[in-house]
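Below is one structure; the comments refer to it alone.
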């Protein structure tokens, strides 16, 4: 019985011991888990406190420290790789435990097969794993390679017998650890848990990068807006130099530190250029300098980049070439102090539509700086447009003064021409052609006085506006000056219009008097007919003050312009209108005298009334592929017995000494030479209508 009790007691003790051991193991695992969770929480805390991208180094440090506390030994470094697939690089944030050293490096992952394999595996997606190890001689070979590429060299690799890398991806980012002794499976699993927590740090990193990018972009846009504002504030074209200095100061404010900034305007394809260059300290812009692309090697490279429409280029100058470049700048009068001591000078050029912005510095500039320069160049397109507009406005102001002088000269010439025209009127001979010219002269004098009055009035107004514009320019009110300049331009256009009107009248007379050129030209036939109607009427009125007639016109505006010999067709129209005036005037005289017998060739006047009013009408219309000009009168008409003779040379119904009988004959030949017809429709006692029919070309 005692033996059984003792045996039972032993069993109970064993079971109790086992329970105690199991409980102890559970407590140990719980303690370990709590210890791990505490470490992970510390990593989370550091991740949440990140304020800038470089704080990723603190995350690497805390992971390394916490893994060490969790009994992971022989840690070489903990690092983070941020991948940029478009550039084929990744940024490494590294913490070396034994050296207590943090570094940031930019790595081209195509330079070594290990880095290439690592990058390919990591960029496949999240949760990818890459592990590689080096043993013995391989460690030394890897060490020698790193000495040629890394900013920091791990001296412990000289004596290390092995090196193992463990990488876990989160997509575009990976967390890695390297150790001098391979990790156990438990340690690898532990590292994976840290990798999961690291995802929080990466999200924080992305948010910070985005916020910083937005802040940087806002700062850049503010700088660009300052350039735009200074551009719009330009009042004179020579203020381009100050705008160049504003560009320089904004670039410096954005963290760029060039020796000098210059803005170049390319004049034309001859290679001539204008340079607006800042002083070397960037406080102000120097004066404008001129040069030619073909007189210096580097100028030509800059110019050819513009010709080939490149966005930007970089020119690296050293040694003798740099000395030659400096000598050429000195010859142009560009001042130098500090630059002459440089052994290297890198020119970064960014192009805009009519030139380029250049930046000189002793070292190469990162891509971010070049991109920024390109953005400033794009904005400078607006600056150049403003610069060009100001130059045009300044040229217009000068031109306005010159035009005023020319206007006064032309006014004098017009007055002299009028005096000469009146003198010529006295010398016209009594031929068919010169007779019609004599009848026109008084009409021309009457018509030319009207545009001359406009010329006088608008020239006086323009003179006053010039004074007002100069006052506004001195005040700096460019918009008002532009408005006044616009008024001056309108006045000049009106002066030009009326001057051309007077000129056209004189030219018309001269063309009428000279022999035909025989050359067809595009002519507004409606305007031609209207002008000769009025000139013929005023000419007849000048000879006979008692003459009056009603003038009627009805022109088809759809005709537009016709290809004719204008002076020839003008003579035809003038001849027909003159004959029409003669017919109605003679009818009125006969009616006033009661002399019907003298009108036997023109038909009966028995139906005429005492209310007869002489009327001549001129009209035009487009009829298919032809143009018709109608000249009608309400005279006595033409008798049927002489109707067939009126186009014969030397046939006339006018009294001896008043007509040669060549007018209608010449008119008929001129119209026929144009491929047209001249015909007449008449009713005895009621009037006649002559129709010029021309092909519409």
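Each row is one residue, and each column tells you yes or no for (1) part of a strand (DSSP E or B); (2) in contact with a strand residue (DSSP E or B) (Cβ under 7 Å, 6 or more places away or on another chain); (3) in contact (Cβ under 8 Å) with a residue 40 or more places away in the chain; (4) not assigned by TED's automatic domain parsing to the domain that holds residue 310.
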residue	(1), (2), (3), (4)
350	yes, yes, no, no
370	no, yes, yes, yes
401	no, no, yes, yes
408	no, no, yes, yes
### Task
Looking only at the range 68-84, decide whether some residue is in a helix (DSSP H, G or I), in the same structural domain as residue 166 (by TED's automatic domain parsing) and modelled with pLDDT of 85 or more.
yes
### Message
Quick test of your reading of the structure: residue 249 fulfils all but one of (1) in a helix (DSSP H, G or I); (2) touching a strand residue (DSSP E or B) at 6+ places or on another chain (Cβ under 6 Å); (3) modelled with pLDDT of 75 or more. Name the failing condition by number.
### Response
(2)
### Task
Could you tell me whether any residue of the range 302-309 is under 28 Å from the mean Cα position of the chain (by Cα), within 21 Å of residue 278 (Cβ to Cβ) and surrounded by fewer than 17 Cβ atoms within 10 Å (Cβ to Cβ)?
no
### Matching residues in the range 170-187 - criterion: being at pLDDT below 90 and either crowded, with 16+ Cβ neighbours inside 10 Å or assigned to a helix (DSSP H, G or I) (or both)
170, 172
### Task
For the range 322-348, enumerate the residues that are surrounded by fewer than 19 Cβ atoms within 10 Å (Cβ to Cβ) and touching a residue at least 40 places away in the same chain (Cβ under 8 Å).
332, 333, 334, 335, 336, 337, 338, 339, 342
### Task
Check 603, 624, 594 and return the single one that is modelled with pLDDT under 75, exposed (fewer than 11 other Cβ atoms within 10 Å of the Cβ) and either over 19 Å from residue 529 (Cβ atoms) or not assigned by TED's automatic domain parsing to the domain that holds residue 556 (or both).
594
### Task
Report whether or not residue 334 is under 18 Å from residue 302 (Cβ atoms) and not in a helix (DSSP H, G or I).
yes
#### Entry: Residue selected from the range 526-562 under the condition surrounded by fewer than 14 Cβ atoms within 10 Å (Cβ to Cβ) and in a strand (DSSP E or B), by the criterion farthest from the chain's Cα centre (by Cα)
550
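Kindly establish whether residue 190 is part of a helix (DSSP H, G or I), over 14 Å from residue 59 (Cβ atoms), assigned by TED's automatic domain parsing to the domain that holds residue 45 and more than 59 Å from the chain's Cα centre (by Cα). Explain how you work it out, then say what you get.
Details: part of a helix (DSSP H, G or I): yes; over 14 Å from residue 59 (Cβ atoms): yes; assigned by TED's automatic domain parsing to the domain that holds residue 45: yes; more than 59 Å from the chain's Cα centre (by Cα): yes.
For residue 190, the condition - part of a helix (DSSP H, G or I), over 14 Å from residue 59 (Cβ atoms), assigned by TED's automatic domain parsing to the domain that holds residue 45 and more than 59 Å from the chain's Cα centre (by Cα) - is met.
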#### Entry: Contacts under 6 angstrom Cβ, first residue in the range 526-555 being farther than 14 Å from residue 632 by Cα, partner assigned to a loop (DSSP other than H, G, I, E, B) and modelled with pLDDT of 85 or more, 6 or more apart
526/555
### Message
Looking at the range 490-498, can you tell me whether even one residue there is buried (at least 18 other Cβ atoms within 10 Å of the Cβ), within 20 Å of residue 394 (Cβ to Cβ) and either modelled with pLDDT of 70 or more or touching a helix residue (DSSP H, G or I) at 6+ places or on another chain (Cβ under 9 Å) (or both)?
### Response
yes
### Query
How many residues are exposed (fewer than 12 other Cβ atoms within 10 Å of the Cβ), touching a strand residue (DSSP E or B) at 6+ places or on another chain (Cβ under 9 Å) and at pLDDT 85 or above if we restrict to the range 136-158?
2
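The values are calculated or read from the model by the stated rules, or taken from the named source; none is laboratory data. The structure presented is a predicted model; accordingly, all values stated were derived computationally and were not measured. All Cβ positions, even for glycine, are placed from backbone atoms using ideal geometry, and neighbour counts span all protein chains on display.
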